[in-house]
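Worksheet for the structure shown next.
The values are calculated or read from the model by the stated rules, or taken from the named source; none is laboratory data. In this text, all values refer to a predicted model and were calculated from it rather than measured experimentally. Neighbour counts are summed over all protein chains in view; Cβ atoms, including those assigned to glycine, are modelled from backbone coordinates with ideal geometry.
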Amino acid sequence: MTKTCLLKNGEEYTLCQLQETDAEKLLLYTKKVAGETNNLTFSPDEFTASVDDE
C-alpha cells in the first residue's frame, strides 16, 4: 500500500506499508527517537524489541 499526500505548503510525502526488510531500520529509528525526547513511555535502553519481534 502506498499513499501520496499533499502538505499545506505544497510539498508531497509518500506513506508506504513497511516490509520485513524494514524491521532493522525501524528499530534503529525508534531507539534514536527515544533518546531525543522525554515524552515517550520508554528510553532507548528500555526498548528491547528485536528484528524477530517486528
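Give me the residue from region 1-26 that is hydrophobic (A, V, I, L, M, F, W, C) and not in a loop (DSSP other than H, G, I, E, B) and, out of that set, surrounded by the most Cβ atoms within 10 Å (Cβ to Cβ).
Among residues in region 1-26 that are hydrophobic (A, V, I, L, M, F, W, C) and not in a loop (DSSP other than H, G, I, E, B), the one surrounded by the most Cβ atoms within 10 Å (Cβ to Cβ) is Ala23.
Restricting attention to region 19-31, which residues are in contact (Cβ under 8 Å) with a residue 12 or more places away in the chain and farther than 12 Å from Asp52 by Cα?
Passing the criteria: Leu26, Thr30, Lys31.
Can you report the number of residues in the chain which are at pLDDT 90 or above and touching a Cys at 6+ places or on another chain (Cβ under 9 Å)?
Here the count works out to 6.
Which numbered condition in (1) assigned to a strand (DSSP E or B); (2) within 15 Å of the chain's Cα centre (by Cα); (3) of a type in the set (S, T, N, Q) is the only one that Thr37 fails?
(1)
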